[in-house]
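Written out below as structure tokens is the structure these notes cover.
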Amino acid sequence: MEIILGFIVLLLCLLFGVRHGGLGLAVISGIGLTIFTFVFGYKPGKPPVDVMLIILAVVTCAGFLQTSGGLTVMLKYAEKFLRNNPKHVTIFAPLTTWFLTILCGTGHVVYTMFPIIYDIAIKQGIRPERPMAVASVASQMAICASPVSVAVVSMAAFFVAAGYDYSVLQILSVSIPATGCGVLLAALWSYRRGKDLDKDPAFQALIADKENKEYVYGDSETLVDKELPRSYHWAMYIFLVGIIVIAALGNLPSFLPHFVDKTGASKPISMVVVIQMVMLLVSALILIVTKIKAKDVGNCQVFKSGIVALVSVYGVAWMADTYFSNHMTILKEVLGVAVQSYPWAYAILVFFTSKLVNSQGAAIAIVVPMALHVGMDPILVISFISACYGYFFLPTYPSDLACIGFDRSGTTRIGKYILNHSFMIPGLIGVISGCCVGYVIAHIIL
């Protein structure tokens, strides 16, 4: 009975907290943590300090990249690529937003791309819903494929904490092709979705009014013709070199410093620590070379969003660890058998947890430690990493709402029955196919 009451408290805190955003979710988790400790008598779990430190380092670096203009350069190149291939924007737009998120570690880069994608599509007579909806989905799916995302570095840190030797690069070797295939299949499905604009009576009725037509076909801002300062390019180059260094050191552990552990054996330094060091070093180089003001970093969107994610993971993971660690014996007996017999149950669990907390990082912080503790094969955890993206299920996530707002044609929308919105089928295709591809690849290479 106590385990059920505890789960109800956990669920209520998540449901109530998510209504107040990431920071609200973190502090509401404190209510659950207090109830568990002082009412139920649970021994407090451990906040994921290592995970939080690596998130902090990555978020700081991303903040310096945006403030220095390096992110702007990436967006300019992305826009130039799309405008040079306008007829295939439905395919190239989602692949572009997917790649940008991989580089930057946050799906928030998609906001700048939406007006560009819309402008290209409407000028080509392409139904804007086709590239825009799947581009929004792609930008979020790529979070699980970025070496500098909260979700990936959190998962790697949880593996280390549980005693498993799976690095960020091993996770990426599965998640990049898995999410990439998912995005491509979703884009191919979107190629002919909905009615063509010239055959859509709702759209034709909209543009029958002269003012509406001018609004729908109006120009959007562009970065292509803008001359960007050289310092912007230097910031981008420094950041990309940092990513390459992390990848190289992950594949060449012999180049890492080795230290003697408690058993007397010489072991290389953890890649979790290396990522933190490299991210801070890259931030410092960007600061020195581009001569930006460090205080401005705290005001940029990427840094603010990252700090919210950091605090959210802190509160949610601590509360969840307190609950699960005090019922681990029972959970191992029940969930351990379930995930071994029905591994897809884990994918479904993490999918809906992601929707519940509207965060891949928070979903991983809740589900992955529990899954590893009950004996789930870490290869399966990596296989289903695409399932960490479930918050498209209801069209309430900011990027989806922004996508609807940027589509002046009205083709990207929330349906009459809520669930029949523009992002549902591309999201399901991307996640399901990503899980299938990830399952196959993980069992081949890991």
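The values are calculated or read from the model by the stated rules, or taken from the named source; none is laboratory data. Predicted model, so just to flag it, every value in this text is computed and none were measured. Counting neighbours? That spans all protein chains shown, and the Cβs are built from the backbone with ideal geometry, glycine included. Just the protein is used for accessible areas: all its heavy atoms, side chains included, with ligands, DNA and RNA removed. Shrake-Rupley method; radii C 1.70, N 1.55, O 1.52, S 1.80 Å.
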Nearest 10, in degrees from 0 to 90: the angle of helix 301-325 to the longest Cα principal axis of the chain is 40 degrees
Expressed as an acute angle from 0 to 90° and rounded to the nearest 10, what is the orientation of the C-alpha long axis of helix 2-18 relative to the principal long axis of the chain? 30 degrees
Once phi for every residue in region 390-398 is put through the Karplus expression 6.51 cos²θ - 1.76 cosθ + 1.60 (θ = phi - 60°), the whole-Hz ³J(HN,Hα) values, with Gly and Pro written as x, are x, 7, 7, 4, 10, x, 10, 6, x
I'd like to check one number: the per residue accessible area of the chain, probe 1.4 Å, reported in Å² as a whole number. 44 Å²
Place a +1 charge on the Cβ of each Lys and Arg in the chain and a -1 charge on the Cβ of each Asp and Glu, then give the dipole magnitude about the Cα centre in debye, rounded to the nearest 20. 360 debye
Relative contact order (%) - criterion: Cα under 8 Å, at least six apart; region: the chain: 27 percent
Taking 26 Å as the cut-off for C-alpha to C-alpha distance, list the pairs among Lys199/Lys416; Lys76/Lys123; Lys76/Lys210 that go past it. Lys76/Lys210
Using the Karplus curve 6.51 cos²θ - 1.76 cosθ + 1.60 with θ = phi - 60°, what ³J(HN,Hα) values do you get for each residue of region 271-282, in whole Hz, with x for Gly and Pro? 5, 4, 6, 4, 4, 4, 4, 5, 4, 5, 5, 4
Find which of Asn251, Cys300, Pro268 sits farthest along the positive direction of the dipole of region 249-305, computed with +1 on the beta-carbon of Lys and Arg, -1 on that of Asp and Glu, about the Cα centre. Cys300
Which entries in the list Lys80/Lys195; Lys46/Lys304; Lys43/Lys262 go over 32 Å, if you measure between the two C-alpha atoms of each? none
Inter-part distance where region 202-218 and region 303-350 are each reduced to a Cα centre, Å: 49 Å
Unit charges at the beta carbon, dipole of region 279-365: most positive-side option, Asn358, Val289, Ala320: Val289
Roughly what angle does helix 49-67 make with the longest principal axis of the chain, taking Cα atoms, 0 to 90 degrees, to the nearest 10? 20 degrees
Go through Ala235, Gln124, Ser136 and say which Cα lies farthest out towards the positive end of the charge dipole of the chain; charges sit on Cβ, +1 for Lys and Arg, -1 for Asp and Glu. Gln124
Aspartates and glutamates within cross-link reach of Lys226: Cα-Cα under 19 Å, excluding same-chain residues under 8 positions apart? Glu79, Asp119
Under a 1.4 angstrom probe, counting protein chains only, how are Ser325, Ser409, Ser254 ranked by accessible area, largest first? Ser254, Ser325, Ser409
Packing-based order for 101-110, 192-201, 306-315, 356-365, using average beta carbon neighbours within 10 Å, highest first: 356-365, 101-110, 306-315, 192-201
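Please list 433-444, 293-304, 176-187, 223-234 highest first by mean number of surrounding beta-carbon atoms within 10 Å per residue.
176-187, 433-444, 293-304, 223-234
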Filtered hits (aspartates and glutamates, Cα-Cα < 16 Å from Lys332, offset >= 8 within chain) -> Asp321, Asp377
Per q in 0.11 1/Å, what log10 I(q)/I(0) does a Debye calculation on the alpha-carbon atoms of the chain return? -0.87
Is there a quick way to get the dipole size of region 260-353? I mean about its Cα centre, with the Cβ of Lys and Arg at +1 and of Asp and Glu at -1; what is the value in debye to the nearest 20? 400 debye
Region 70-94 and region 148-172 have their Cα centres apart by a whole-number Å value of 31 Å
Phi-based couplings in Hz for region 33-40 (Karplus 6.51, -1.76, 1.60; Gly and Pro marked x): 4, 5, 4, 4, 7, 8, 9, 7
